Amino acid sequence: MSIIVYAESLNGKFKKSAFEVLSYGRALANKSKKSLVAISINADDPLKLSNYGPDKIISLKDPKLIDFTAQNYANVISEYSEKENISILILSSSADSKYIAPLISVQLEAGLATNVVSIPESLSPLVVKRSCFTNKAFNNTTLSGLINIICVSNNSFGVFENPSKPEIIDESIQSKINSCLKVNSIDKASGTVSIADADIVVSGGRGLKGPENWHLIEDLASVLGAATACSKPVSDMGWRPHSEHVGQTGKPVASNLYIAIGVSGAIQHLAGINSSKVKVVINNDPEAPFFKAADYGIIGDAFEVVPKLIEKLKAFKS
Amino acid sequence: MNILVCISNVPDTTSKINFTEDHKAFDVNGVQFIINPNDEFGLTRAIWFQQKNQATVTVVTVGDSSCEPILRKCLAIGANKAIRIDTSAKDGFYVATQLKSLCEKEKYDIIICGRESIDYNGGMVPGMLAQMLKLPFVTNCISMEVIDNVVNAKREIDGGIESISSSLPIIIGAQKGLVEESDLIIPNMRGIMQARQKPLDVIDPVSSSAKSSVEKFQKPQEKESVKLVASENIDELISLLHNEAKVI
Ligand SMILES: Cc1cc2nc3c(=O)[nH]c(=O)nc-3n(C[C@H](O)[C@H](O)[C@H](O)COP(=O)(O)OP(=O)(O)OC[C@H]3O[C@@H](n4cnc5c(N)ncnc54)[C@H](O)[C@@H]3O)c2cc1C
Ligand SMILES: Nc1ncnc2c1ncn2[C@@H]1O[C@H](COP(=O)(O)O)[C@@H](O)[C@H]1O
């Protein structure tokens, strides 16, 4: 019996979450004394995974899988999971992984837990801790399938190097396309960091008064190599695109650093950013609820504080 | 056109989340329940199909009688018919199995779920249902048009938008963008009155077992209080982020 980790890549490069799920898989394989298999699809350099401890890497190359299509990816991962006679499949909590996980779980008749935040508390029965109520709470879930799938929450476990000498299996396949879904085009916001992958996110709220002031957020983000985000009213008013709206009804953020500027810290906003590690708030109202949720705060006017912060950070970085 | 919208009954977004003393269950005391926000976006889109394409909109929930008020609300918003599958939702797989059985009996052209529920946050039911029914599935769906049985949909992906086409029938996972917040329909008196006359069928569950169970709940640990830095002293913030938090 083995544990399989699906190491996600984008345009041939592994995502950071691929190394995190593999680190998680290594810890779980040690604990359960099982072998650890990593599976990659169209990754340029599968050997990169050997820094994180797999016993075997299955590197699949398939021209039909250049673009992500949930049904085809799910079919392939299910097929190799069966071949490897696995007991646990580990995925990340990226949008793509959460798309395919339920499909695979039906194909393998497997138990499934998403948003898992730590290594299982017990192996038999298999009990995992996961976040629920949009990060306002956690629950312990027992998975009772013969095979079980764990989707690890991004940034919850961390990346740990653990070099190994894995056996590498190259397979070139030609999967049958049996989905009637056709991807016509993909519009990528170019040059910017996406919220899901970002280590640092800089977010602006209604306190910034209008879209014309967003250069403050963008400049700060660019000094830090951060993604930009916003509160719900800001995207509702069209100051910023919907894709930047974070919170309970928007995107979840699990970055290392979240900087909120002119955001009051409503419960629905905080719900989406709870799993960010370090939170900084800049707000001119000392009573703003965000101060209760933040690690560091500056009480002050964004229009004075942020330009100074940008300037000082530029000096610090150089 | 026949549309099914799957509705999950969830605590209001402003609710304080508390658990019973033994931490085994969610404490519903004083909590108001609402239509899961993602499902409400989906329901609104369905009502537009009803108005423009004469679609029939059925809403369904898997749950006990305490879920009926939100089904009535869906009827007041404009759904034609409601179904309650009379059992408590044990896990995503169990719910999907119940919905599958309904979808095999009735023929639906579009099945709309929310991208995820805001209580369990599994994001599991729509994908499981799609795989069980072997239907095409688009989650994180932010736009959907149907012309001559061809669906053109848009899906939000990490850092972009994907355009997809498919045939009917289809399952989608709805989220904001499919319709806007300002498009949501607030039931008026007439809608509420009409809702009382509309059918709300209660049907028996099929037998199925769950593949997971929740043993106990926990609240996050209390946080330490915020470290305030004076606005004249930005260097100190940078130093804290660099040396103490080690995030820059
Ligand atoms: C069902 C539901 C779901 C929701 N989901 C979400 C969600 O997912 N995400 C979300 O964000 N919201 C959500 N909301 C909305 C949420 O309740 C708040 O209304 C929203 O987060 C407030 O946005 P804000 O902080 O930008 O604006 P405000 O609440 O208006 O706050 C602006 C802040 O800026 C500060 N400020 C003003 N001027 C300055 C200045 N010069 N310098 C510094 N600070 C300044 C003010 O002190 C204030 O704290 C939801 C609401 C509902 C009902
Ligand atoms: N008990 C239920 N009854 C009907 N539909 C449900 C139920 N639970 C979840 N769903 C649907 O599945 C979606 C995703 O839920 P979840 O898998 O719990 O995140 C919801 O937005 C609903 O559309």
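Taking into account only those residues within region A:172-208 that are among the small types (Gly, Ala, Ser) and closer than 18 Å to A:ALA260 by Cα, which is surrounded by the most Cβ atoms within 10 Å (Cβ to Cβ)?
Just the residues of region A:172-208 that are among the small types (Gly, Ala, Ser), to begin with: A:172, A:175, A:179, A:185, A:189-191, A:194, A:196, A:198, A:203-205, A:207.
Right, trim to closer than 18 Å to A:ALA260 by Cα and you get A:194, A:196, A:198, A:203-205, A:207.
On the way: A:SER194: 17, A:ALA196: 23, A:ALA198: 25, A:SER203: 33, A:GLY204: 31, A:GLY205: 24, A:GLY207: 21.
Among those that are among the small types (Gly, Ala, Ser) and closer than 18 Å to A:ALA260 by Cα, it is A:SER203.
Would you pick out the residues in region A:85-101 that are open to solvent by less than 20 Å² (accessible area, probe 1.4 Å) and over 9 Å from A:ILE149 (Cα atoms)? Scanning region A:85-101 gives A:ILE86, A:SER92, A:SER94, A:SER97, A:TYR99, A:ILE100. With respect to (1) in contact with a helix residue (DSSP H, G or I) (Cβ under 9 Å, 6 or more places away or on another chain); (2) modelled with pLDDT under 95, the lone exception for A:VAL280 is condition (2). When the residues of region B:207-239 are filtered to those that are in contact (Cβ under 8 Å) with a residue 60 or more places away in the chain and more than 7 Å from every other protein chain (Cβ to nearest Cβ), the one that is nearest to the chain's Cα centre (by Cα) is B:ALA210.
Considering only strands (runs of 3 or more DSSP E) fully contained in region A:149-261, which possess at least 2 residues that are within 9 Å of another protein chain (Cβ to nearest Cβ) and touching a helix residue (DSSP H, G or I) at 6+ places or on another chain (Cβ under 8 Å)? Don't jump to the end; show me each part of the working.
Values: elements: A:167-172, A:182-188, A:200-204, A:227-230, A:257-261.
It comes to none.
Out of A:SER255, A:SER203, report the one residue that is under 25 Å from the mean Cα position of the chain (by Cα) and within 9 Å of ligand 1 (Cβ to nearest atom). Spell out the reasoning first.
Details: A:SER255 fails: within 9 Å of ligand 1 (Cβ to nearest atom).
One residue alone meets the criteria, A:SER203.
Annotation: of all residues in region A:262-278 being touching an Asp or Glu at 6+ places or on another chain (Cβ under 9 Å) and facing chain B (nearest Cβ under 9 Å), the one that is surrounded by the fewest Cβ atoms within 10 Å (Cβ to Cβ) is A:LYS277. For region B:53-86, the set of residues classified as of a type outside the set (A, V, I, L, M) and either modelled with pLDDT under 95 or open to solvent by less than 20 Å² (accessible area, probe 1.4 Å) (or both) consists of B:ASN53, B:GLN54, B:THR58, B:THR61, B:GLY63, B:CYS67, B:CYS74, B:GLY78, B:ARG84, listed by residue number.
For region B:27-52, the candidate set comprises residues that are open to solvent by 40 Å² or more (accessible area, probe 1.4 Å) and part of a strand (DSSP E or B); within that set, the residue that is farthest from ligand 1 (Cβ to nearest atom) is B:PHE33.
Here is a yes/no grid of residues against (1) of a type in the set (D, E, K, R); (2) on the phi < 0 side of the Ramachandran plot:
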{"site": "A:TYR99", "(1), (2)": "no, yes"}
{"site": "A:ASN115", "(1), (2)": "no, no"}
{"site": "A:SER122", "(1), (2)": "no, yes"}
{"site": "A:LYS129", "(1), (2)": "yes, yes"}
{"site": "A:GLY158", "(1), (2)": "no, no"}
{"site": "A:LYS165", "(1), (2)": "yes, yes"}
{"site": "A:SER172", "(1), (2)": "no, yes"}
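Scanning region B:67-96 for residues that are under 17 Å from the mean Cα position of the chain (by Cα) and of a type in the set (S, T, N, Q) gives a single hit, B:SER88.
Cβ-Cβ distances below 7 Å connect the following pairs, each with a first residue in region A:211-227 that is assigned by TED's automatic domain parsing to the domain that holds A:HIS242, a second residue that is in a helix (DSSP H, G or I) and open to solvent by 60 Å² or more (accessible area, probe 1.4 Å), and a separation of six or more residues or different chains: A:VAL223/A:LYS314; A:VAL223/A:LYS317.
The values are calculated or read from the model by the stated rules, or taken from the named source; none is laboratory data. Worth saying up front: this structure is predicted, and the values here are computed from it rather than measured. When we count neighbours, we look across all protein chains shown, and the Cβ atoms used for this are built from the backbone with ideal geometry, even at glycine. With ligands, DNA and RNA removed, areas are computed over all heavy atoms of the protein, side chains included. Shrake-Rupley method; radii C 1.70, N 1.55, O 1.52, S 1.80 Å.
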